Amino acid sequence: QVQLVESGGGLVQAGGSLRLSCAASGSISSWNVMSWYRQAPGKQRQLVAEITSGSTTNYADSVKGRCTISRDNAKNTVYLQMNSLKPEDTAVYYCRLTQATGTYWGQGTQVTVSS
């Protein structure tokens, strides 16, 4: 099994920054994709950014230029640096890990951006 624990969410003013972390534990494969998704109230969960174990990245258009995803393979940890935050970034942010054995989700961390 795989467990994912997110941290780093909180309340920040518009224009501010936050860094989210997600630590994976358990049976982690050498190849995997780690992703950040977010879900705002009343909306569907959407991809924010993803990174492969080879460090290939992909970003949603809404966060390009403002967010950077990175990972530390030795620690099985993925990070999301978010800058120039906007009120519309307010959501619960979820970490996801996909590997040959399946797809796993964290419990989520709340990010609230005040105007």
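The values are calculated or read from the model by the stated rules, or taken from the named source; none is laboratory data. Worth saying up front: this structure is predicted, and the values here are computed from it rather than measured. All Cβ positions, glycine included, derive from the backbone under ideal geometry; neighbour counts span all protein chains shown. Ligands, DNA and RNA are stripped out before the accessible areas are found, and what is left, the full protein with its side chains, is counted by its heavy atoms. Shrake-Rupley method; radii C 1.70, N 1.55, O 1.52, S 1.80 Å.
Quick notes on this structure:
- Whichever lysines have a C-alpha closer than 18 Å to that of Lys64, once near sequence neighbours (fewer than 8 apart) are set aside: Lys86
- Here each label is just a point 7 Å from Cα along the line to Cβ, and for Ser25 and Gln13 those points are 3.7 nm apart.
- Using the average count of surrounding beta-carbon atoms within 10 Å as a protection proxy, the listed peptides 63-69, 78-84 rank, highest first, as 78-84, 63-69.
- Proximal aspartates and glutamates to Lys75, defined as alpha-carbon separation beneath 16 angstrom and excluding residues fewer than eight positions away on the same chain: Glu6
- Where a label projected 7 Å from the Cα of Ser115 along Cα→Cβ would reach, residues of the range 28-66 with amide N under 16 Å: 41
- Interchain or long-range residues, amide H under 5 Å from Asn58's placed H: Glu50
- Per residue solvent-accessible surface (Å²) - the range 49-115, probe of 1.4 Å: 48
- When only Cα pairs below 8 angstrom with a gap of at least 6 residues are kept, the range 1-102 shows a relative contact order of 35 percent.
- The chain - percent of accessible surface contributed by carbon and sulfur, probe 1.4 Å: 46
- Sequentially through the range 80-88, phi angles give Karplus couplings (6.51, -1.76, 1.60; θ = phi - 60°) of 10, 8, 10, 10, 6, 5, 10, x, 6 Hz, Gly and Pro residues having no value and appearing as x.
- Inter-label distance, nm, simple model (7 Å from Cα along the C-beta direction), Ser62/Ala100: 3.5
- Annotation: amide H-H contacts under 5 Å for Gly108 (H modelled 1.01 Å from N, sequence separation of 5 or more, or interchain): Glu6, Cys95.
- For the chain, the list of Cys residues with no other Cys C-beta under 4.7 Å reads Cys67.
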